[in-house]
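Participant: The structure's right below; bear with me while I get my questions together.
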Amino acid sequence: MISKEIREKYLNFFKERGHAVVPSSSLIPDDPSVLLTTAGMQQFKPYFVGKADPMKDFGSFNTASIQKSFRTSDIDEVGDERHLTFFEMLGNFSFGGYFKQEAIAYAHDFLTKELGLTIQYVTVFEGDEQVPADDESARIWKGVDSFVEIKKAGRADNFWGPTGKEGPCGPTTEIYIANTEIWNIVFNEYYCRSDGTLENLKTPGVDTGMGLERLAMVAQAKQSIFQTDLFEPLLSLLSDVADERKKRIIADHARAIAFLISDGVRPSNKGAGYILRRLMRRVIAYGYEAESILQRVVQLYGMPYSELKEDVILQEFRNEKEKFQKALEQGVKEIEKMNVITAPVAFQMYQSFGVPFEVTKEFGGTRAQSLTRDDFEKEFAKHQEISRAGRERKFGGHGLLLDTGELKAANEEELKIVTRLHTATHLLQASLRKVLGDGVRQAGSDITAERTRFDFTFPRKLTPDEIRDVEQVLNGAIEGDLNVEFREMPFEEARATGALYSPKEKYPSRVKVYSVVDEKTGEVFSREFCGGPHVGHTAEIGRVKIMKEEGVSAGTRRIRAAFL
Ligand code: SER
């Protein structure tokens, strides 16, 4: 069964059972607290926690999707039989429509009846001091398949939730076929707080995730995901690469590179851009004809992923290659001179030549045997601390922690306040334009922990009614708890989004655009060119009041606003 059929069968199976089929969201998540989309449930978080209404948005309490996903945590595993960075995740979800009985029966029927596979065994949560054992799931499994072997496991394997952050969570049941974990079914009964405490969710939900590549592997009776039709056409182009592991890494990274670029990520030294850069540089360092693989990726995945554009992907890859080629040669020469490659050396390679850890590790061969990613990261963190300390010294130890010209904060506490006021300032500009018209443009802004001061173009004094209206629109947006998100993109592209910017200012070729969006309606309340920082959600701001409105010069007004 080819993978195209598996995708179709999956979505049809759930559609026939009352699920709304929802398109994949972007690899760049709306939630600014995560770097890349790692699971299908991410776009549905507001429905799990009762912040959005699935009936209104999907016409059903149940959805199904095939989500583009990326797991940085698996990067060192890539090259074995079944790990990937980028993968497609099949998932069905319920927000109060059904729970354990249906979720388990659906999974069982899809695998055994629809695909004709044999389940090897399943696992259920064994319970611990915080959460009881999931005997109910074990009972349900016995009911749907009296022959199935049920194993029990603890937190590490059978409990899913956000790490170090807040979010829906709960016990899981996992399905294994041919010694491979195929399907993870999460019963979101709780909301996990970042301190580890749990609260019951009002409506328990279902979140499932099944990697298409692993499913294709067992459905096509292959030993590795790289032998499936999702990868075979890529690997066949690499017949001159002797090392099987390298072939797999190139194929995995090529897919990831193509998909990341298509969702708007560009190579950089931070965040998602840095992940992309590392993947690109590793492939470049191998020195094989990577462009033909990227082309093949587009041919192979252009259906159903029409966002994959060959010219953009190749151009970005060539640009990065041009930047990195020379430094790589110098870096490799340095590596060759060393007898032992330690973490400080690896960091130096990164710092001076932009050579990523994995490349240094591989090119170092036996001389880098004892080099670990952990030690490298420690070295990295040490360096960041040193440069932060340097910045603090520059401000005399009690100077400013943050000074962007627009925002000033002396310590962490002030930083939090000016961040809230900064988002409030964006909302203020949008509110002024909604009340007074599009003639209003920012003419200056200065934000301290006491207040935001905002200058804007407008020909006359505001009436008390106008001030009250602006305040109402502004606080309405705060109470509505709108989502604050940003994208980095080329200047021209940013301008085309209609984002506000200052024609007088000089911008770099790539800029950040911050949007304040109502998740429920998709309405964009505010969109501006901006370097940040901002809050994640507008309710974090709290109520704001306009303290003063005055003229500063002909045609320019000034508002001071502060927290109530
Ligand atoms: N969120 C779970 C996972 O990622 C199930 O989708 O495994």
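The values are calculated or read from the model by the stated rules, or taken from the named source; none is laboratory data. Note that this is a predicted model, so its numbers are computed, not measured. Note that each Cβ is placed from the backbone with ideal geometry, even for glycine, and that neighbours are counted across all protein chains shown. Note: areas computed on protein heavy atoms with side chains; ligands, DNA, RNA excluded. Shrake-Rupley method; radii C 1.70, N 1.55, O 1.52, S 1.80 Å.
Participant: Quickly rank 274-281, 413-420 as a protection proxy: mean count of other C-beta atoms within 10 Å, highest first. Mind showing how you got there, number by number?
Facilitator: Numbers: 274-281: 22.4, 413-420: 17.9.
The peptides rank, most packed first, as 274-281, 413-420.
Participant: Put +1 on the Cβ of every Lys and Arg and -1 on every Asp and Glu Cβ in the range 1-105; which of 22, 40, 61 then has its Cα farthest towards the positive end of the dipole?
Facilitator: 61
Participant: If you wrap a convex hull around the C-alpha atoms of the range 314-385 and split its volume per residue, what is the figure in Å³? Before the final figure, lay out each step's value.
Facilitator: Numbers: hull volume 6.4 nm³, N = 72.
Taking only Cα atoms, the range 314-385 has a hull volume of 89 Å³ per residue.
Participant: Might you tell me the accessible area per residue for the range 1-98, computed with a 1.4 Å probe and given in Å²?
Facilitator: Normalised by residue count, the accessible surface of the range 1-98 is 39 Å².
Participant: Right, another one. From the helices alone, meaning DSSP H stretches of at least four residues, give me the mean residue ellipticity at 222 nm for the chain, per-run term -39500 (n - 2.57), in deg cm²/dmol to the nearest 500. Present the calculation step by step, with values, prior to reporting the outcome.
Facilitator: Details: 18 runs with 222 residues, N = 564.
My calculation for the chain gives -12500 deg cm²/dmol from helical runs alone.
Participant: For labels at residue 337 and residue 227 in the simple 7 Å Cα→Cβ model, what's the distance in nm?
Facilitator: 4.7
Participant: Quick test of your reading: applying the under-4.7 Å Cβ rule, which cysteines of the chain are isolated?
Facilitator: Isolated Cys, the chain: 530.
Participant: For residue 510 and residue 289, what does the FRET efficiency come to when R0 = 25 Å and r is the distance between their Cβ atoms, rounded to the nearest 0.05? The partial results should precede the final answer.
Facilitator: Details: r = 28 Å, r/R0 = 1.14.
The calculated FRET efficiency here is 0.30.
Participant: Take residue 121 and residue 382, extend 7 Å from each Cα along the Cα→Cβ direction, and tell me the distance between the two endpoints in nm.
Facilitator: With each label placed 7 Å out from Cα toward Cβ, I get 4.4 nm.
Participant: Mind listing the phi-derived Karplus ³J(HN,Hα) values for the range 479-487, rounded to whole Hz, using 6.51, -1.76 and 1.60 with θ = phi - 60°, and x for any glycine or proline?
Facilitator: Those phi angles translate into 5, x, 6, 6, 8, 9, 9, 9, 10 Hz.
Participant: Tell me, what ³J(HN,Hα) does each residue in the range 184-201 have, in order and in whole Hz, if you take phi through Karplus 6.51 cos²θ - 1.76 cosθ + 1.60 with θ = phi - 60° and put x for Gly and Pro?
Facilitator: Result, rounded to whole Hz: 10, 10, 9, 9, 6, 8, 10, 10, 8, 8, 5, 7, x, 7, 10, 10, 6, 6.
Participant: Could you give the length gained on full extension between residue 165 and residue 564, defined as 0.36 nm per residue of separation minus the Cα-Cα distance, in nm? Intermediate results must be reported in sequence, preceding the final value.
Facilitator: Numbers: separation 399, 0.36 × 399 = 143.64 nm, distance 2.95 nm.
Separation in residues times 0.36 nm, less the Cα-Cα distance, equals 140.7 nm.
Participant: Another one. Tell me the label-point distance for the pair residue 268, residue 502, using the 7 Å Cα-to-Cβ offset, in nm and rounded to one decimal.
Facilitator: If labels sit at residue 268 and residue 502, their model points lie 2.0 nm apart.
Participant: Just to verify a number: FRET efficiency for residue 53 and residue 325, C-beta to C-beta distance, R0 = 56 Å, to 0.05?
Facilitator: Working: r = 52 Å, r/R0 = 0.94.
With R0 = 56 Å, the Cβ-Cβ based efficiency is 0.60.
Participant: OK, next. Kindly provide the Kirkwood hydrodynamic radius of the chain in Å, to one decimal, from all pairs of distinct alpha carbon atoms.
Facilitator: Roughly 26.4 Å, rounded to one decimal.
Participant: Moving on. Can you list the HN-Hα couplings for the range 304-316, worked out from phi with the Karplus curve (6.51, -1.76, 1.60; θ = phi - 60°), rounded to whole Hz and with x for Gly and Pro?
Facilitator: Computed from phi, the couplings for the range 304-316 are x, 9, 5, 6, 6, 10, 4, 5, 5, 4, 5, 4, 4 Hz.
Participant: Subtracting the Cα-Cα distance from 0.36 nm times the residue separation, let me have the gained length for residue 242 to residue 81 in nm, one decimal. Spell out each step's value before the answer.
Facilitator: Numbers: separation 161, 0.36 × 161 = 57.96 nm, distance 1.68 nm.
Extra length from residue 242 to residue 81 when fully extended: 56.3 nm.
Participant: Using amide H atoms built in the peptide plane, which far-off residues or other-chain residues are under 5 Å from residue 500 H to H?
Facilitator: 527, 528, 529
Participant: Could you tell me which of rounded, prolate or oblate describes the range 203-261, using a ≥ b ≥ c as the square roots of the eigenvalues of the alpha-carbon gyration tensor, with rounded for a/c under 1.5 and, failing that, prolate when a/b is larger than b/c and oblate otherwise?
Facilitator: Values: a/c = 3.20, a/b = 1.72, b/c = 1.85.
Since a/c reaches 1.5 but b/c is at least a/b, the shape of the range 203-261 is classed as oblate.
Participant: Considering the dipole of the chain built from charges on the beta carbon (Lys and Arg +1, Asp and Glu -1) around the Cα centre, which of 106, 539, 235 is farthest to its positive end?
Facilitator: It is 539.
Participant: Rounded to the nearest whole Å², what accessible area per residue is found for the range 247-379 with the 1.4 Å probe?
Facilitator: Numbers: 5810 Å² over 133 residues.
Each residue of the range 247-379 exposes 44 Å² on average to a 1.4 Å probe.
Participant: P(r) of the range 474-564 in 10 Å steps, Cα pairs, percent per bin?
Facilitator: Histogram of Cα-Cα distances, whole percents per bin: 15, 37, 35, 13, 0.
Participant: Next question, about the same structure. Please state the charge dipole magnitude for the range 323-455, taken about the Cα centre, from unit charges on C-beta atoms (+1 on K and R, -1 on D and E), reported in debye and rounded to the nearest 20.
Facilitator: Charge dipole of the range 323-455: 260 debye, to the nearest 20.
Participant: Calculate the dipole size of the chain relative to its Cα centre from +1 charges on Lys and Arg beta carbons and -1 charges on Asp and Glu beta carbons; express the result in debye to the nearest 20.
Facilitator: Numbers: 76 positive and 86 negative charges, 358 e Å.
That gives a dipole near 1720 debye.
Participant: Could you sort the peptides 40-46, 71-77, 290-296 by per-residue average Cβ neighbour count (10 Å cutoff), highest mean leading? List each step's numbers first, then the result.
Facilitator: Working: 40-46: 22.4, 71-77: 15.9, 290-296: 18.4.
Packing proxy ranking, top to bottom: 40-46, 290-296, 71-77.
Participant: Quick one: which residues, 5 or more positions from residue 120 or on another chain, have an amide H under 5 Å from its amide H? H modelled 1.01 Å from N in the peptide plane, none for Pro or chain starts.
Facilitator: Result for residue 120 returns 176, 177, 178.
Participant: Carbon and sulfur together cover what percent of the accessible area of the chain at a 1.4 Å probe radius? Write out the running numbers ahead of the final one.
Facilitator: On the way: 12740 of 25860 Å².
Solvent-exposed carbon and sulfur of the chain make up 49 percent of the total.
Participant: Extension gain residue 547-residue 199, at 0.36 nm per residue separation less the Cα-Cα distance, in nm? Intermediate values should be presented prior to the final figure.
Facilitator: On the way: separation 348, 0.36 × 348 = 125.28 nm, distance 3.97 nm.
121.3 nm is the gain from fully extending residue 547 to residue 199.
Participant: Using the beta-carbon distance between residue 472 and residue 299 and R0 = 56 Å, what value does 1/(1 + (r/R0)^6) give for FRET efficiency, to the nearest 0.05?
Facilitator: Numbers: r = 54 Å, r/R0 = 0.97.
Step by step, r from the Cβ atoms, then E = 0.55.
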